[in-house]
Amino acid sequence: MTMGCRCGRSGSRLSLRVPDRQREKAHRPLDEQVIGEHAPGVHRRHELSRRHPPAERTAGGGVRVIDDQDRDADPRDVPLYGICGAQGLDLCMGARHADADFGVGHLERSRLCGRQAALIVEDDARRSPEHDTAHACVVEGKQKGWSGSGPFGCHVDASGGPRVQGCGQRLGEREIGIMSESMCGVDGAQVMFLDRGRRTPSGVQGRGELPPDVSGFDQKPMMQKNWGLVCITRFDVQTRRAQMREGRRPRPRRAGAHHRSPLSWSRSREAWGRLGRISPQRRRYALMVVLIGFMGAGKSTVGRIVADLLGAPFVDSDVLIERREGRSIREMFDLHGEPYFRQIERAVVAELLEDRTAVVALGGGAALDPEIGRMLSSHTVVYLQVPYEQAMERINGDAFRPLLQTSGVRKVYERRLPVYDALATMRIDTDGRRADDVAVEILRALVPPPALPGASSRLITTVGGTYFAHAGPRLTHVASDLIPAADTAEHVVIISTASDSVVTDAVAAQFSDERVVRVMMDDHESSKTFGVIARIAEQMATRAVHRSDIVVGVGGEVICDVAGLVASLFNRGMPLALIPTTLVAQADSALGGKNAISLPQGRNLIGTIHQPIAVIADTAVAAQAGQRGYSAGLAEIAKHALLGGRSAVARVLALAAGLRGREPDAVYEAVCASQEFKAAIVCRDERENGERAFLNYGHTFGHAIEWLTGLDASEDGTPVAVGMMAAAHLAHVQGRLTREDVEVHRRLLDALGLTTRATVDLDRLQGAFMRDKKYDHGVRLILLDGIGQPVSGRTATADELSVALHALARD
Ligand SMILES: Nc1ncnc2c1ncn2[C@@H]1O[C@H](COP(=O)(O)OP(=O)(O)O)[C@@H](O)[C@H]1O
Ligand SMILES: O=C(O)C1=C[C@@H](OP(=O)(O)O)[C@@H](O)[C@H](O)C1
Ligand SMILES: [Mg+2]
């Protein structure tokens, strides 16, 4: 009988038996196999874009919906929506500017809209998947009203997208804003109203844990006066500060209100302390980072991103001053003159610089005050350098920066530079750089990786959290040191499997017995079920596991998947640390926050993206003889190299003999290279709206082959290796790849001992393709236009596939 797929190892053809169960599945009629529905998130986005088509809104009163049209992606996968009204405003930016493409992409696009107001809704589960929150922001351009000193993130609840859209409609053509009482149920939220005459928030603010009550506000008149925005900030500085003063660790923020930085409070304190400028008394509580520099250096913008990445509060001294005074800085200058403003500034900043954990952006002139200068000596002071011309370009015409209205601004600039320089503990050149790039550099300096002999760490800065991925031999034995806040968690839930008992025991031994909740499961695809999730969750509930406890997954891809999903669901989300024990999990799957369980109809259909607080890859464990997931790991290492480019391929080729022999050094090098490559992509595109999809290279073919053969791609590298070869042949057929580059694939995979040939039946392959998550009126493939040049969403005709499969079987 003809089998769906016949695979051969390294050229020598070897027939694989298809297990009966799998053969049965492969032979089932297509309509039984196909899953008709989109994932919920996709569906919702689809609905949003259908409800608000661009043309309709434009015709209906000067409001435009902008979406990501210039991306390659399917519009249904576009998570962002901008609504531009005809209010004469001109700048919008992502609420999550930590997400670089988002912020800057929309910044550009909003400029295209001309002088219009903008509202961006991010249909988003980035920060708190369990709430499926949306973020929105409105930032006005520099010529009018609010300066572009950074977006004001709003938290909206699960129905945030549509609701915000609704508000937009209600506001009509002349007003902008978001008004929704439902936004106010956020823990420690502040609600601020912005009016168009001011650049800063004014109005009510929430107090501590109490949801602010906005019902007393007559929203309508404000709207008529063009009051614009309800903004909920994520931090309650007062509350946290008070707690710290009392020597208490601030209560962890509620999941869903905003993300909790996996770097954790205590760990960043240590790291910040290492910078050496914080006096011993202050070091106990104060973790203050102060940004200084000239106007337009990006203090407000970058400071907010740094705070976000650290999970620390952010305070902009100008905002605080304006809030206290109830008027804009411009008004203070106009009515009372600069000396009056400086006096207020000194008092407010001096108070601000007292003990607290915060990232603080000072106004450009504040650091010049001698008293403030003295206070700065006990903090980490980051000087953002900017060339004069660039600063002027960034803030050109901002009516709310009064100094710009005066002459001799360049002289002021020149006079101030030496003062900034003298106060700085860290100097960052912002010339020509993106704000998020600057922020990440600051973060890297603030939170240096731990010193781990023979090991290394990569800082991952995703929207869902900032954390280290560590790799190195024997890291298992120092796991508790590498898991932030492990010392303070009441329970450590270790989810593991029998075959990794040695590693699990080594991890568990680092915590006292009464804190450890051990959960065992099979590290096998068949364990990725709701039943297993329920069983683990019940065990955790029985032991009264709380949100501030930690889930630790110790095992291969399946364990990491299940532990990740449990951690993202239990208590609506709790900290997760992953200790991957297999090569495939270390080099690939444990990084990036994806988790999933499967349904009988298809693999990984139920899952979330929940970033861990640490990934600890003990490469000696993955390299052990007999340890599972090894060839699957080699396939992913090869994939990263082919996506990365020729030098990455050369590096893996150089390691290939060592990798085949499971030499610890080679495994370590390869895991580091893979983590490095994947981390960079995940940081730029956490939710797979763009380039993260490239990481599926070879997987669409691979999953189909897996389905047809019954092989398990989390154990065996064959499906993905053959999948990449198939993709390479297809790319050659389509004129994307040269024959030589197809040979690069084969040489690399051969060198790693992976399979490069297979006989695959076209009809069955196409049937299996329909199960792919990216399927959309036809299979959507990641192909290469050259080594290191991936493209996504490519289709293939039956003829092209047929020729490619022929080559896959023969060449
Ligand atoms: N690195 C950067 N590159 C380009 N524009 C930036 C950068 N940093 C900030 N900006 C923009 O420059 C303007 C001024 O930034 P802001 O953060 O208010 O500076 P500051 O607080 O130092 O005066 C804003 O419109 C902001 O979006
Ligand atoms: O340089 C200055 O003297 C000022 C800078 C402004 O802050 P930014 O530096 O954030 O623009 C603000 O404090 C005020 O307009 C005065
Ligand atoms: Mg500022």
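The values are calculated or read from the model by the stated rules, or taken from the named source; none is laboratory data. All values reported here derive from a predicted model rather than from experimental measurement. Glycine gets a Cβ as well: all are built from the backbone with ideal geometry, and neighbour counts include every protein chain shown. We work out accessible area using only protein heavy atoms, side chains counted, and drop any ligands, DNA or RNA first. Shrake-Rupley method; radii C 1.70, N 1.55, O 1.52, S 1.80 Å.
With a 1.4 Å probe and every protein chain kept in, tell me what percent of the accessible surface of segment 261-448 is carbon plus sulfur. Each step should come with its number before you reach the end.
Values: 3480 of 7160 Å².
Carbon with sulfur: 49 percent of the solvent-accessible area.
So if I place +1 on the C-beta of Lys and Arg and -1 on the C-beta of Asp and Glu, and nothing else carries charge, what would the dipole magnitude of segment 388-532 be about its Cα centre? I want it in debye, nearest 20. It would help to have the intermediate numbers written out before the result.
Numbers: 15 positive and 20 negative charges, 168 e Å.
Rounded to the nearest 20 debye, it is 800 debye.
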Most packed first (mean Cβ within 10 Å per residue), the peptides 713-720, 793-800 order as 713-720, 793-800
The rounded separation in angstrom of the Cα centers of segment 622-640 and segment 369-439 is 49 Å
Ranked from the most accessible area to the least, with a 1.4 Å probe and all protein chains present, what is the order of MET375, MET540?
MET375, MET540
Rounded to the nearest 10 Å², the accessible area of VAL386 at probe 1.4 Å
10 Å²
Tell me the label-point distance for the pair ALA451, ARG324, using the 7 Å Cα-to-Cβ offset, in nm and rounded to one decimal.
4.2 nm
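On full extension of the chain, what length is gained from ASP429 through HIS806, given 0.36 nm per residue of separation minus the C-alpha to C-alpha distance? Each step should come with its number before you reach the end.
Working: separation 377, 0.36 × 377 = 135.72 nm, distance 5.47 nm.
The span from ASP429 to HIS806 would gain 130.3 nm if fully extended.
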Among LYS299/LYS678; LYS639/LYS774; LYS299/LYS594; LYS528/LYS678, the pairs whose Cα-Cα distance exceeds 22 Å are LYS299/LYS678; LYS299/LYS594; LYS528/LYS678
Amide hydrogen neighbours beyond the local backbone of VAL360, cut-off 5 Å, H modeled:
VAL289, VAL290, LEU291, VAL315
Could you pull out every residue, at least 5 positions away or on a different chain, whose amide H is within less than 5 Å of the one on VAL779? Hs are placed 1.01 Å off N in the peptide plane, and Pro or chain starts have none.
ALA796
Taking only protein heavy atoms and a 1.4 Å probe, what accessible area per residue, in Å², does segment 261-448 have with all protein chains in place?
38 Å²
Carbon/sulfur fraction of accessible area - segment 456-680, other protein chains in place, 1.4 Å, %:
54 percent
Rounded to the nearest 10 Å², the accessible area of MET392 at probe 1.4 Å:
40 Å²
Cβ-derived FRET efficiency at R0 22 Å, ARG547 paired with ARG515, nearest 0.05
0.90
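Relative to the present Cα-Cα distance, how much length would full extension add between ASN604 and ARG374 at 0.36 nm per residue of separation?
Numbers: separation 230, 0.36 × 230 = 82.80 nm, distance 5.64 nm.
My answer for the length gained is 77.2 nm.
From largest accessible area down, sort VAL493, VAL532; use a 1.4 Å probe on the protein chains.
Working: VAL493 0, VAL532 25 Å².
The ordering from most to least exposed comes out as VAL532, VAL493.
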Return the carbon/sulfur percentage of the accessible area of segment 741-811, one whole number, probe 1.4 Å, all protein chains in place.
47 percent
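Multiplying the sequence separation of ASP522 and ARG646 by 0.36 nm and subtracting their Cα-Cα distance, what value in nm do you get? Each step should come with its number before you reach the end.
Values: separation 124, 0.36 × 124 = 44.64 nm, distance 3.85 nm.
That works out to 40.8 nm of additional length.
Which GluC sites (Glu not before Pro) in segment 470-566 pass both tests, a DSSP loop state and at most 14 other beta-carbon atoms within 10 Å?
Details: sites: GLU490, GLU514, GLU525, GLU538, GLU557; in loops: GLU490.
Those satisfying the criteria are GLU490.
Could you sort THR488, THR700 by their accessible area in this structure, using a 1.4 Å probe and putting the largest first? Present the calculation step by step, with values, prior to reporting the outcome.
Working: THR488 75, THR700 5 Å².
The residues order as THR488, THR700, largest area first.
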With a probe of 1.4 Å, find how much accessible area segment 456-680 has per residue, and write the answer as a whole number in Å².
32 Å²
Using θ = phi - 60° and the Karplus curve 6.51 cos²θ - 1.76 cosθ + 1.60, what whole-Hz ³J(HN,Hα) does each residue of segment 508-518 get, with Gly and Pro shown as x?
4, 5, 7, 10, 5, 3, 5, 8, 8, 10, 9
With θ taken as phi - 60° and the coefficients 6.51, -1.76 and 1.60, list the Karplus ³J(HN,Hα) couplings across segment 287-304 in order, rounded to whole Hz; mark glycine and proline as x.
10, 8, 10, 10, 9, 10, x, 6, 3, x, 5, x, 4, 5, 5, 5, x, 5
